[in-house]
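A.B. asks: Mind having a look at this structure? Questions to follow.
Please treat every number below as a calculation from the coordinates, not as lab data. In this text, all values refer to a predicted model and were calculated from it rather than measured experimentally. With ideal geometry, Cβ positions are generated from the backbone for all residues, glycine too; neighbour counts draw on all protein chains shown.
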Amino acid sequence: MIATSQPVRLGTAELLAIATRLAPSAQSWPGMQDPEIRSWHTVAATDRYQAFVIAWPVGGAIELHDHGDSAGAVVVAGGSLVETVVGHEEGGSLQMTSRKVTRGDHLVFGPGHVHDIVNHGPGPALSVHVYSPVLRSMTFFEPRDREMLVAVRTEEFSTPAADR
Ligand SMILES: [Fe+2]
């Protein structure tokens, strides 16, 4: 028998359970209360997943991106965030769909999910993000002519990623 080293991808229900379990302690991470810039701490890392607490000042944002081969779950632990997801309309045009998630709400997604997240206020926001397998790359995109997404850069992480 040949052993394989394929990374294990936990299901989104399991990722959500981990994020939900970590959310109550998110407020206690140093520097997470009143951030001046988007800031994060790694709060768990195993060979199967990693988790971050991210603090968002008002106006804090991350542009359109994917999560490489990872699936993810996000639980809002304070304040509120707006996620915008990119899909395609029937005619092929890009369709941007936004939703507001507030404390206690969550997002889950599989590989290939492209979104941006912003804190429109009125106060700081806090979120817990769990990814499986461990986040190895993120590609950032810009919409072009309302028809397509263009990859503008990819960040690769050889060690557990600082974010997202
Ligand atoms: Fe993301």
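A.B. asks: Please give me the summed charge of the neighbours of Ala125: other residues whose Cβ is under 13 Å from its Cβ, Lys and Arg +1, Asp and Glu -1. Mind dumping the intermediate values first?
C.D. replies: Values: positive: Arg38, Lys100, Arg103; negative: Asp34, Glu83, Asp105.
Counting the neighbours of Ala125, the net charge comes to 0.
A.B. asks: Follow-up question, since we're still on this one. Quick one: His106, His88, fewest Cβ neighbours within 10 Å first, how do they rank? Each step should come with its number before you reach the end.
C.D. replies: Details: His106 17, His88 12.
Result, fewest neighbours first: His88, His106.
A.B. asks: Additional query: Would you kindly state how much longer the chain becomes between Asp34 and Arg48 on full extension, computed as 0.36 nm times their sequence separation minus their alpha carbon distance, in nm to one decimal? Please list the in-between numbers first.
C.D. replies: Numbers: separation 14, 0.36 × 14 = 5.04 nm, distance 3.08 nm.
Extra length from Asp34 to Arg48 when fully extended: 2.0 nm.
A.B. asks: For the chain, what does the helix formula give at 222 nm: sum of -39500 (n - 2.57) over DSSP H segments with n ≥ 4, over the residue count, nearest 500 deg cm²/dmol? Don't skip to the answer; put the middle values down first.
C.D. replies: Details: 1 runs with 11 residues, N = 164.
Estimated from H runs of four or more residues: -2000 deg cm²/dmol.
A.B. asks: Principal axis extents for the stretch 12-156, Cα atoms only, whole Å, descending order, please.
C.D. replies: Answer, in whole Å and largest first: 46, 37, 25 Å.
A.B. asks: Compute the distance in nm between two label points, each set 7 Å from the Cα along the Cα-to-Cβ direction, one at Gln95 and one at Glu142.
C.D. replies: Spacing of the two 7 Å Cα→Cβ label points: 2.6 nm.
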